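This report refers to the structure that appears directly beneath it.
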Protein chains: 2
Amino acid sequence: MTLPMQVPIPGLPARVRIHEVGPRDGLQNEKATVPTAVKADFVRRLAEAGLTTVEATSFVHPKWVPQLADAEELFPQVAALPVALPVLVPNERGLDRALALGARRVAVFASATESFAKANLNRTVDESLAMFAPVVARAKAAGVHVRGYLSMCFGDPWEGAVPVPRVVRVCRALLDLGCDELSLGDTIGVATPGHVTALLDELTGQGVPVDAVGVHFHDTYGQALANTLAALQRGVTTVDASAGGLGGCPFAKSATGNLATEDLVWMLRGLGVETGVDLDRLVATSVWMAAHLNRPSPSRTVRALSPTHHQEQ
Amino acid sequence: MTLPMQVPIPGLPARVRIHEVGPRDGLQNEKATVPTAVKADFVRRLAEAGLTTVEATSFVHPKWVPQLADAEELFPQVAALPVALPVLVPNERGLDRALALGARRVAVFASATESFAKANLNRTVDESLAMFAPVVARAKAAGVHVRGYLSMCFGDPWEGAVPVPRVVRVCRALLDLGCDELSLGDTIGVATPGHVTALLDELTGQGVPVDAVGVHFHDTYGQALANTLAALQRGVTTVDASAGGLGGCPFAKSATGNLATEDLVWMLRGLGVETGVDLDRLVATSVWMAAHLNRPSPSRTVRALSPTHHQEQ
């Protein structure tokens, strides 16, 4: 494969770290139940494809995320892989479970809006930050890297557009708790590039180092890659994506949620931005996973590079 | 609908003219045969949704494009609409047919690569330019606006990456023939934003006015909107798109070819760039057309704004 032609844009980062969320954020939103051995193989294949950070699973209570109820079984099967393997932890109990298994990276998840904090965590934003405080403190004390996810950074299904200052306030609170990095989530996919630029400018203008800021775009309205370009132009070097675009909305077959890692890698490859990812191996992994999920990948790059994929599903 | 939040990026154009290609480029690549009355209604609905340029049909010989064999019947049914209605003409015979019906805008189509010129026109690039010379000259003499499509501006399925100077040469030749505007086509969807920027910089650096340059991106690898953003950042104000993303590759149900007009309008709306398009009416039109084509729209914005659309197909 020789395409795309590499033509850099001056000023973009030389290298981007892709934070692969397929095994966690992807599978948690898929209807199909995936056997633990398949999940472990998925993580291993992603690492072999060159992804250096693979979010492996979640220690949220199985009642809330039954798809990932096997975290205790899964994590030891992948722990020796030579990549970063963050896991989601909702509270101290989750942190205890993760630490007991030797996790070296954890992630907490807050909301920029009161409505989603209430819906997802049954708390106000400030109550959820108070809940995360000891989680982050104890993780840091154990030498564990902490990522802070922030949902609804651009729009909220109940509240509409989310003002930038409100997002910045929660970002600063997460960093003040001790989070090493943030992931700015466009949970419902409504962001556009100017909004992305404005939020990043406000954050960095207030002294937040851009290296501490990751972006997490959803492709619900097809905007994720344009938003990513805007973020790269502001110096962001951590981009979340999901192999094959796993984790689409359940209402429509092959509808899209997460930005597909393959579509991201295609753009970065064209821009001459290093990722370390072998695109062919990644596509093969997503095609393999799609067979286990019994639905075709919504990634356009997967479809284009594996043209028989859809007939097979 | 209140989303997306409008946050401009300084330096982008205040207004973009969307060159809607659904009735021509879209339907010409759909398998289903669409009745002439439905096509006319499609053009009318697109105009009512606020699109100011709707490419209506093609005067290519029906042997090559049977889907648009009804151009003579269709055009008079839409000619009175208060919008620009360009039509495709391959040669002098096609121009005669278009002029006889009172067309005021025509488009010729060249290739940046020898391989595609041979495959699509059975001519070398220079032979095809020679064929277009009298078409453009006669159109201009009749006071008719001429667009020059240029295919394979970024990559070619036979030749791989296409060098920028080769594209620029054919662009200049089309302008020298008298074309009023160009449409730079990424026919196989492989372009990335740096490549787009490089081609535009080279063209404008050689004195081609950016107002004479439109972009025509395909979403085969999910790159179309990021490429559009790069083009806007270089001052491009004419963007081709296809309502509902019509015209996808035939090999996979709902696979994508043309950039969906809805996804483009979503981004431009968020950027505060005027288009004049009523997104809700446009989505309703694409959902209506999808029912006639018996396949769901591949546009992510159509899917998101019409969540029952897929169950209905």
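The values are calculated or read from the model by the stated rules, or taken from the named source; none is laboratory data. Small disclaimer: the values here were computed from a predicted structure and weren't measured. Note that each Cβ is placed from the backbone with ideal geometry, even for glycine, and that neighbours are counted across all protein chains shown.
For A:SER299, which of the numbered conditions (1) surrounded by 24 or more Cβ atoms within 10 Å (Cβ to Cβ); (2) modelled with pLDDT of 95 or more; (3) facing another protein chain (nearest Cβ under 8 Å) fails to hold?
Just one mismatch for A:SER299, condition (2).
Name the residues in segment B:277-296 that are within 14 Å of chain A (Cβ to nearest Cβ) and more than 16 Å from B:TRP266 (Cα to Cα), would you?
B:VAL287, B:ALA290, B:ARG295, B:PRO296, listed by residue number.
With respect to A:THR256, determine if the residue is out of contact with any His (no Cβ under 6 Å at 6 or more places or on another chain), modelled with pLDDT under 95, crowded, with 24+ Cβ neighbours inside 10 Å and within 13 Å of chain B (Cβ to nearest Cβ). Step through it out loud before you land on a result.
Numbers: out of contact with any His (no Cβ under 6 Å at 6 or more places or on another chain): yes; modelled with pLDDT under 95: yes; crowded, with 24+ Cβ neighbours inside 10 Å: yes; within 13 Å of chain B (Cβ to nearest Cβ): yes.
Yes, satisfied.
Which of the numbered conditions does B:ASN91 fail, given that it passes all the others? Conditions: (1) touching a helix residue (DSSP H, G or I) at 6+ places or on another chain (Cβ under 8 Å); (2) surrounded by 17 or more Cβ atoms within 10 Å (Cβ to Cβ); (3) within 23 Å of B:THR238 (Cβ to Cβ).
All conditions are met except number (3).
Residues that are in contact with a helix residue (DSSP H, G or I) (Cβ under 7 Å, 6 or more places away or on another chain) and assigned to a loop (DSSP other than H, G, I, E, B): does segment A:225-232 have at least one? Write out each step before concluding.
The initial filter retains those residues of segment A:225-232 that are in contact with a helix residue (DSSP H, G or I) (Cβ under 7 Å, 6 or more places away or on another chain), namely A:225-231.
Applying the additional criterion that residues be assigned to a loop (DSSP other than H, G, I, E, B) yields none.
Within segment A:225-232 (the criterion being in contact with a helix residue (DSSP H, G or I) (Cβ under 7 Å, 6 or more places away or on another chain) and assigned to a loop (DSSP other than H, G, I, E, B)), the answer is no, since none of the residues qualifies.
What residue, among those in segment B:257-313 that are assigned to a loop (DSSP other than H, G, I, E, B), touching a helix residue (DSSP H, G or I) at 6+ places or on another chain (Cβ under 7 Å) and among the hydroxyl-bearing types (Ser, Thr, Tyr), is farthest from B:THR52 (Cα to Cα)?
Top of the filtered list is B:SER306.
Has segment B:56-76 got any residue that is at pLDDT 95 or above, closer than 30 Å to B:GLY194 by Cβ, surrounded by fewer than 24 Cβ atoms within 10 Å (Cβ to Cβ) and not aromatic (Phe, Trp, Tyr)?
No, segment B:56-76 has no match at all.
Kindly evaluate A:VAL7 against the criterion of being more than 14 Å from chain B (Cβ to nearest Cβ) and either under 21 Å from A:PHE217 (Cα atoms) or in contact (Cβ under 8 Å) with a residue 24 or more places away in the chain (or both). Quick ask: steps written out before the conclusion?
On the way: more than 14 Å from chain B (Cβ to nearest Cβ): no; either under 21 Å from A:PHE217 (Cα atoms) or in contact (Cβ under 8 Å) with a residue 24 or more places away in the chain (or both): yes.
No; evaluated as a whole, the condition is false for this residue.
Could you identify the single residue in B:VAL236, B:VAL208 that is surrounded by fewer than 24 Cβ atoms within 10 Å (Cβ to Cβ) and within 20 Å of B:GLU274 (Cα to Cα)? Break it down into steps so the answer makes sense when it comes.
Working: B:VAL208 fails: within 20 Å of B:GLU274 (Cα to Cα).
Sole residue among the options that is surrounded by fewer than 24 Cβ atoms within 10 Å (Cβ to Cβ) and within 20 Å of B:GLU274 (Cα to Cα): B:VAL236.
Just a yes or no: is a residue in segment A:148-168 hydroxyl-bearing (Ser, Thr, Tyr) and under 26 Å from A:ALA119 (Cα atoms)? Before you say what the answer is, go through the steps one by one.
Kept after step one, since they are hydroxyl-bearing (Ser, Thr, Tyr), are these residues of segment A:148-168: A:149, A:151.
Pick out the ones that are also under 26 Å from A:ALA119 (Cα atoms) and you get A:149, A:151.
Checking segment A:148-168: at least one residue is hydroxyl-bearing (Ser, Thr, Tyr) and under 26 Å from A:ALA119 (Cα atoms).
Given the structure, is A:GLY143 small (Gly, Ala, Ser) and either crowded, with 16+ Cβ neighbours inside 10 Å or over 30 Å from A:GLY276 (Cα atoms) (or both)? Even if it seems obvious, please write down each step before you answer.
Values: small (Gly, Ala, Ser): yes; either crowded, with 16+ Cβ neighbours inside 10 Å or over 30 Å from A:GLY276 (Cα atoms) (or both): no.
Judged against the criteria, A:GLY143 is not a match.
When both residues are 6+ apart or on different chains and their Cβ atoms are under 7 Å apart, which pairs have a first residue that lies in segment B:157-171 and is farther than 15 Å from B:LEU200 by Cβ, and a second that is in a strand (DSSP E or B) and among the hydroxyl-bearing types (Ser, Thr, Tyr)?
none
In segment A:177-203, what count of residues is obtained for those that are outside any loop (DSSP other than H, G, I, E, B) and either in contact with a strand residue (DSSP E or B) (Cβ under 8 Å, 6 or more places away or on another chain) or of a type in the set (Gly, Ala, Ser) (or both)? So that I can check it myself, show each step before the final result.
Step one: list which residues in segment A:177-203 are outside any loop (DSSP other than H, G, I, E, B), which gives A:177, A:181-185, A:193-203.
Restricting the remaining residues to those that are either in contact with a strand residue (DSSP E or B) (Cβ under 8 Å, 6 or more places away or on another chain) or of a type in the set (Gly, Ala, Ser) (or both) gives A:177, A:181-185, A:194, A:196, A:198-200, A:203.
Here the count works out to 12.
Does segment B:93-116 include one or more residues that are among the aromatic types (Phe, Trp, Tyr), in a helix (DSSP H, G or I) and under 20 Å from the mean Cα position of the chain (by Cα)? If you could, list the steps in order and put the result at the bottom.
Step one: of segment B:93-116, the residues among the aromatic types (Phe, Trp, Tyr) are B:109, B:116.
Applying the additional criterion that residues be in a helix (DSSP H, G or I) yields B:116.
Keeping just the survivors that are under 20 Å from the mean Cα position of the chain (by Cα) gives B:116.
Yes, some residue in segment B:93-116 is among the aromatic types (Phe, Trp, Tyr), in a helix (DSSP H, G or I) and under 20 Å from the mean Cα position of the chain (by Cα).
Working carefully through the options A:VAL54, A:VAL34, A:VAL43, find the one that is in contact (Cβ under 8 Å) with a residue 24 or more places away in the chain and more than 19 Å from the chain's Cα centre (by Cα).
Residue meeting the stated conditions: A:VAL34.
What pairs can you find where one residue is in segment B:191-213 and free of Cβ contacts under 8 Å to residues at least 40 places away in the same chain, the other is aromatic (Phe, Trp, Tyr), and their Cβ atoms are less than 6 Å apart, with a gap of 6+ or different chains?
Every condition considered, the pairs that remain are B:ALA191/B:PHE154.
Got a number for residues in segment A:135-167 being assigned to a helix (DSSP H, G or I) and within 14 Å of chain B (Cβ to nearest Cβ)?
From segment A:135-167, those assigned to a helix (DSSP H, G or I) are A:135-141, A:164-167; that's our starting set.
Add one more test, that the residue is within 14 Å of chain B (Cβ to nearest Cβ), and what stays is A:164-167.
Residues that pass the stated criteria total 4.
Give the residue, chosen from A:ARG24, A:ARG15, that is more than 14 Å from chain B (Cβ to nearest Cβ) and over 22 Å from A:VAL108 (Cα atoms).
Numbers: A:ARG24 fails: over 22 Å from A:VAL108 (Cα atoms).
Every option except A:ARG15 fails the conditions.
Does A:ALA191 satisfy being under 20 Å from A:GLY148 (Cα atoms), facing another protein chain (nearest Cβ under 8 Å), surrounded by 24 or more Cβ atoms within 10 Å (Cβ to Cβ) and at pLDDT 95 or above? Break it down stepwise before answering.
Numbers: under 20 Å from A:GLY148 (Cα atoms): yes; facing another protein chain (nearest Cβ under 8 Å): yes; surrounded by 24 or more Cβ atoms within 10 Å (Cβ to Cβ): yes; at pLDDT 95 or above: yes.
Answer is yes for this residue.
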